[in-house]
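Student: First, the structure itself, so that you have it in front of you.
The values are calculated or read from the model by the stated rules, or taken from the named source; none is laboratory data. For clarity, every value in this text was computed on a predicted model and none was experimentally measured. Methodologically, a virtual Cβ is constructed for each residue, glycine included, from the backbone with ideal geometry; neighbour enumeration extends over all protein chains shown. SASA here: full protein model, heavy atoms, side chains in, ligands and nucleic acids out. Shrake-Rupley method; radii C 1.70, N 1.55, O 1.52, S 1.80 Å.
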Amino acid sequence: PMALPAAVPLAFFGFIVAATWIDIIADHLVRLLTFLGLVLHIPSSVMGLTILAWGNSMGDLSANMTMARKGLANMAITACFAGPVFNILVGMGAGFSALSSITGMVNIPVELTPSITSGFAFLFLNCWLVLISGVCWNRGRITKGYGYAALALYSLYIVTSILLQIYY
(Lines give C-alpha, C1' and ligand atoms only; values in the text may rest on other atoms or scores of the structure.)
Protein backbone atom coordinates (compact mmCIF):
# COMPACT_ATOMS: atom_id res chain seq x y z
CA PRO A 1 0.00 0.00 0.00
CA MET A 2 1.08 3.51 -0.82
CA ALA A 3 1.54 6.04 1.96
CA LEU A 4 -1.21 8.65 2.25
CA PRO A 5 1.06 11.68 1.55
CA ALA A 6 2.06 10.08 -1.76
CA ALA A 7 -1.40 8.70 -2.60
CA VAL A 8 -3.32 11.99 -2.33
CA PRO A 9 -1.37 13.88 -5.05
CA LEU A 10 -1.43 10.79 -7.27
CA ALA A 11 -5.20 10.42 -6.83
CA PHE A 12 -5.71 14.14 -7.53
CA PHE A 13 -3.57 13.85 -10.68
CA GLY A 14 -5.61 10.82 -11.76
CA PHE A 15 -8.83 12.78 -11.21
CA ILE A 16 -7.54 15.69 -13.33
CA VAL A 17 -6.46 13.36 -16.15
CA ALA A 18 -9.81 11.52 -16.09
CA ALA A 19 -11.78 14.80 -16.07
CA THR A 20 -9.71 16.07 -19.00
CA TRP A 21 -10.40 12.93 -21.01
CA ILE A 22 -14.11 13.12 -20.19
CA ASP A 23 -14.16 16.76 -21.35
CA ILE A 24 -12.38 15.93 -24.62
CA ILE A 25 -14.64 12.95 -25.36
CA ALA A 26 -17.79 14.90 -24.42
CA ASP A 27 -16.76 17.73 -26.74
CA HIS A 28 -16.33 15.32 -29.65
CA LEU A 29 -19.58 13.55 -28.80
CA VAL A 30 -21.50 16.84 -28.81
CA ARG A 31 -19.97 17.74 -32.18
CA LEU A 32 -20.90 14.33 -33.59
CA LEU A 33 -24.47 14.50 -32.29
CA THR A 34 -24.84 18.06 -33.56
CA PHE A 35 -23.72 16.87 -36.99
CA LEU A 36 -26.14 13.92 -36.90
CA GLY A 37 -28.95 16.26 -35.87
CA LEU A 38 -28.19 18.52 -38.83
CA VAL A 39 -28.01 15.61 -41.28
CA LEU A 40 -31.23 14.03 -39.98
CA HIS A 41 -32.99 17.42 -39.62
CA ILE A 42 -33.57 16.95 -35.87
CA PRO A 43 -33.84 20.29 -34.01
CA SER A 44 -30.97 20.88 -31.61
CA SER A 45 -33.37 21.36 -28.70
CA VAL A 46 -34.92 17.93 -29.33
CA MET A 47 -31.42 16.43 -29.46
CA GLY A 48 -30.66 18.21 -26.18
CA LEU A 49 -33.75 17.03 -24.32
CA THR A 50 -33.45 13.43 -25.49
CA ILE A 51 -30.16 11.94 -26.65
CA LEU A 52 -27.76 14.38 -24.98
CA ALA A 53 -29.78 14.45 -21.75
CA TRP A 54 -29.99 10.67 -21.58
CA GLY A 55 -26.30 10.23 -22.32
CA ASN A 56 -25.38 12.89 -19.77
CA SER A 57 -27.54 11.27 -17.12
CA MET A 58 -26.62 7.59 -17.46
CA GLY A 59 -23.82 7.68 -14.87
CA ASP A 60 -25.99 9.47 -12.33
CA LEU A 61 -28.94 7.19 -13.04
CA SER A 62 -26.84 4.08 -12.50
CA ALA A 63 -25.26 5.39 -9.29
CA ASN A 64 -28.56 6.66 -7.85
CA MET A 65 -30.40 3.42 -8.63
CA THR A 66 -27.58 1.38 -7.06
CA MET A 67 -27.68 3.50 -3.90
CA ALA A 68 -31.46 3.21 -3.68
CA ARG A 69 -31.37 -0.59 -4.17
CA LYS A 70 -28.78 -0.90 -1.40
CA GLY A 71 -31.05 0.97 1.02
CA LEU A 72 -29.17 4.27 0.90
CA ALA A 73 -32.31 6.26 0.13
CA ASN A 74 -31.17 9.54 1.68
CA MET A 75 -27.90 9.46 -0.23
CA ALA A 76 -29.69 8.58 -3.49
CA ILE A 77 -32.30 11.34 -3.24
CA THR A 78 -29.67 13.89 -2.18
CA ALA A 79 -27.56 12.94 -5.20
CA CYS A 80 -30.63 13.21 -7.46
CA PHE A 81 -30.99 16.85 -6.50
CA ALA A 82 -27.34 17.78 -5.88
CA GLY A 83 -26.10 16.62 -9.29
CA PRO A 84 -28.48 18.79 -11.34
CA VAL A 85 -28.01 21.74 -8.97
CA PHE A 86 -24.24 21.46 -9.47
CA ASN A 87 -24.65 21.15 -13.25
CA ILE A 88 -26.99 24.13 -13.45
CA LEU A 89 -25.12 26.47 -11.13
CA VAL A 90 -21.50 25.53 -11.87
CA GLY A 91 -21.99 24.35 -15.45
CA MET A 92 -23.99 27.36 -16.56
CA GLY A 93 -21.95 29.75 -14.43
CA ALA A 94 -18.63 28.53 -15.81
CA GLY A 95 -20.01 28.18 -19.33
CA PHE A 96 -21.43 31.69 -19.49
CA SER A 97 -18.32 33.12 -17.81
CA ALA A 98 -16.10 31.42 -20.40
CA LEU A 99 -18.33 32.59 -23.26
CA SER A 100 -18.28 36.12 -21.87
CA SER A 101 -14.49 36.15 -21.60
CA ILE A 102 -14.09 34.75 -25.13
CA THR A 103 -16.60 37.08 -26.82
CA GLY A 104 -16.14 40.09 -24.55
CA MET A 105 -19.91 40.34 -24.15
CA VAL A 106 -21.08 41.21 -20.64
CA ASN A 107 -24.71 40.28 -21.29
CA ILE A 108 -25.41 37.18 -23.34
CA PRO A 109 -28.89 36.95 -24.85
CA VAL A 110 -30.77 33.74 -24.07
CA GLU A 111 -34.10 32.81 -25.61
CA LEU A 112 -36.54 31.28 -23.15
CA THR A 113 -38.19 28.84 -25.54
CA PRO A 114 -41.49 27.08 -24.84
CA SER A 115 -39.51 23.83 -24.44
CA ILE A 116 -37.32 25.35 -21.72
CA THR A 117 -40.36 26.87 -20.05
CA SER A 118 -42.12 23.50 -20.04
CA GLY A 119 -38.95 21.99 -18.53
CA PHE A 120 -39.15 24.49 -15.67
CA ALA A 121 -42.82 23.65 -15.19
CA PHE A 122 -42.20 19.90 -15.09
CA LEU A 123 -39.28 20.33 -12.67
CA PHE A 124 -41.55 22.37 -10.41
CA LEU A 125 -44.27 19.71 -10.65
CA ASN A 126 -41.79 16.98 -9.76
CA CYS A 127 -40.44 18.90 -6.75
CA TRP A 128 -44.02 19.52 -5.63
CA LEU A 129 -44.80 15.82 -6.12
CA VAL A 130 -41.80 14.79 -3.99
CA LEU A 131 -42.78 17.20 -1.22
CA ILE A 132 -46.47 16.31 -1.19
CA SER A 133 -46.10 12.54 -1.60
CA GLY A 134 -42.93 12.07 0.44
CA VAL A 135 -43.33 14.62 3.21
CA CYS A 136 -47.04 15.24 3.62
CA TRP A 137 -48.79 12.02 2.64
CA ASN A 138 -46.22 9.35 3.47
CA ARG A 139 -44.40 10.93 6.43
CA GLY A 140 -40.92 11.07 4.95
CA ARG A 141 -41.11 7.96 2.78
CA ILE A 142 -40.93 7.80 -0.99
CA THR A 143 -43.26 5.07 -2.23
CA LYS A 144 -43.45 3.05 -5.43
CA GLY A 145 -46.42 5.20 -6.41
CA TYR A 146 -44.14 8.24 -6.60
CA GLY A 147 -41.82 6.28 -8.89
CA TYR A 148 -44.63 5.55 -11.31
CA ALA A 149 -45.89 9.12 -11.13
CA ALA A 150 -42.39 10.49 -11.81
CA LEU A 151 -41.94 8.21 -14.83
CA ALA A 152 -45.35 9.27 -16.15
CA LEU A 153 -44.45 12.93 -15.57
CA TYR A 154 -41.15 12.48 -17.46
CA SER A 155 -42.93 10.77 -20.37
CA LEU A 156 -45.43 13.61 -20.50
CA TYR A 157 -42.53 16.11 -20.41
CA ILE A 158 -40.80 14.46 -23.38
CA VAL A 159 -44.00 14.31 -25.44
CA THR A 160 -44.90 17.92 -24.54
CA SER A 161 -41.44 19.21 -25.39
CA ILE A 162 -41.30 17.42 -28.73
CA LEU A 163 -44.77 18.65 -29.64
CA LEU A 164 -43.73 22.18 -28.70
CA GLN A 165 -40.72 21.84 -30.98
CA ILE A 166 -42.85 20.63 -33.87
CA TYR A 167 -45.76 23.04 -33.58
CA TYR A 168 -44.26 26.18 -32.08
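Student: Length gain on complete extension for the stretch His28 to Asn126, per 0.36 nm per residue less the alpha carbon to alpha carbon distance?
Tutor: Separation in residues times 0.36 nm, less the Cα-Cα distance, equals 32.0 nm.
Student: Just want the answer: with Cβ charges of +1 for Lys and Arg and -1 for Asp and Glu, which residue in Gly71, Pro84, Ser101 is farthest toward the dipole's positive end in the chain?
Tutor: In the chain, that residue is Gly71.
Student: Could I ask something else about it? Counting only trypsin sites (Lys or Arg not before Pro) that sit in a DSSP loop (anything but H, G, I, E, B) with at most 11 other Cβ atoms within 10 Å, what is the longest stretch of the chain containing none of them?
Tutor: 1-69
Student: Where the centre of each part is set by its Cα atoms, how far does segment 29-60 sit from segment 133-168, in angstrom?
Tutor: 22 Å
Student: Here's something else I'd like to know. Can you give the log10 of the normalised intensity I(q)/I(0) at q = 0.22, 0.25, 0.32 Å⁻¹, computed with Debye over equal Cα scatterers of segment 107-158?
Tutor: -0.79, -0.92, -1.17
Student: Not counting ligands, DNA or RNA, and with a 1.4 Å probe, what is Met47's accessible surface area in Å² rounded to the nearest 10?
Tutor: 10 Å²
Student: Based on the Cβ-Cβ distance from Asn87 to Ala3, what FRET efficiency comes out when R0 is 22 Å, to the nearest 0.05?
Tutor: 0.05
Student: Okay, moving on. Rounded, prolate or oblate, given the Cα gyration tensor of segment 31-120, with a/c below 1.5 counting as rounded?
Tutor: oblate
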